[in-house]
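Structure first, commentary second.
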Amino acid sequence: MLALLDELCGDTPSGYDLSDLSATAAALLQAGDITALLADHAGQATGVLVLNRCASLYAGRFGEISELYVKPEFRSAGIGEALIRAAAAIARERGWSRLEVGTPELPAWARTAAFYKRNGFIDVGMRMKLTL
């Protein structure tokens, strides 16, 4: 996950600490707040998908992909697609109506948006945040 944050920050250090991220991940997993799917190749972690349970009046219960990361050297090898298929299977087992993902900033992340569209996602808007 640290590699994802570092990549998103570009030339600027992310400022995140691996031990802090590990502690947060452990707490969220233990509480059942998230489901994490890991991809590996020959015992080496190659990708991760983090899935959250959400609910709304318009969709009922659904899942949100809050993180999806594949190491650069393993991209275009089907790992991201496999993680999405696994997340969709979990969503169906849980009776969720859909999966959602935040819209990446365009044009900088056009390749990411195209990846999601190739995997069946459609545009329904974007998200904003209020930091508390």
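The values are calculated or read from the model by the stated rules, or taken from the named source; none is laboratory data. Note that the coordinates shown come from a computational prediction; the quantities given were computed from them, not determined experimentally. Here Cβ is always computed from backbone atoms with ideal geometry, including for glycine, and neighbour counts include all displayed protein chains.
Quick notes
- Only listed residue being in a loop (DSSP other than H, G, I, E, B), aromatic (Phe, Trp, Tyr) and either on the phi < 0 side of the Ramachandran plot or in contact with a helix residue (DSSP H, G or I) (Cβ under 6 Å, 6 or more places away or on another chain) (or both), chosen from 121, 62: 121
- Each residue in segment 40-59 was checked for being part of a strand (DSSP E or B), under 15 Å from residue 96 (Cβ atoms) and free of Cβ contacts under 8 Å to residues at least 12 places away in the same chain, and 2 pass.
- Restricting 84, 65, 79 to those that are over 26 Å from residue 129 (Cα atoms), surrounded by 16 or more Cβ atoms within 10 Å (Cβ to Cβ) and among the β-branched types (Val, Ile, Thr) reduces the list to 79.
- When 4, 37, 51 are screened for being closer than 24 Å to residue 88 by Cα, within 13 Å of the chain's Cα centre (by Cα) and modelled with pLDDT under 85, only 4 passes.
- Cβ pairs under 7 Å, 6+ apart, first in segment 86-114 and farther than 16 Å from residue 52 by Cβ and modelled with pLDDT under 95, second in a helix (DSSP H, G or I) and among the polar types (S, T, N, Q): 104/112
- Candidates 24, 12, filtered to the one that is β-branched (Val, Ile, Thr), farther than 23 Å from residue 126 by Cα and either modelled with pLDDT of 95 or more or part of a loop (DSSP other than H, G, I, E, B) (or both): 12
- Of the criteria (1) more than 22 Å from residue 120 (Cβ to Cβ); (2) charged (D, E, K, R); (3) out of contact with any helix residue (DSSP H, G or I) (no Cβ under 9 Å at 6 or more places or on another chain), which one residue 71 fails: (3)
- Qualifying positions in segment 105-118 - surrounded by fewer than 16 Cβ atoms within 10 Å (Cβ to Cβ) and either among the aromatic types (Phe, Trp, Tyr) or assigned to a loop (DSSP other than H, G, I, E, B) (or both): 105, 106, 107, 108, 109
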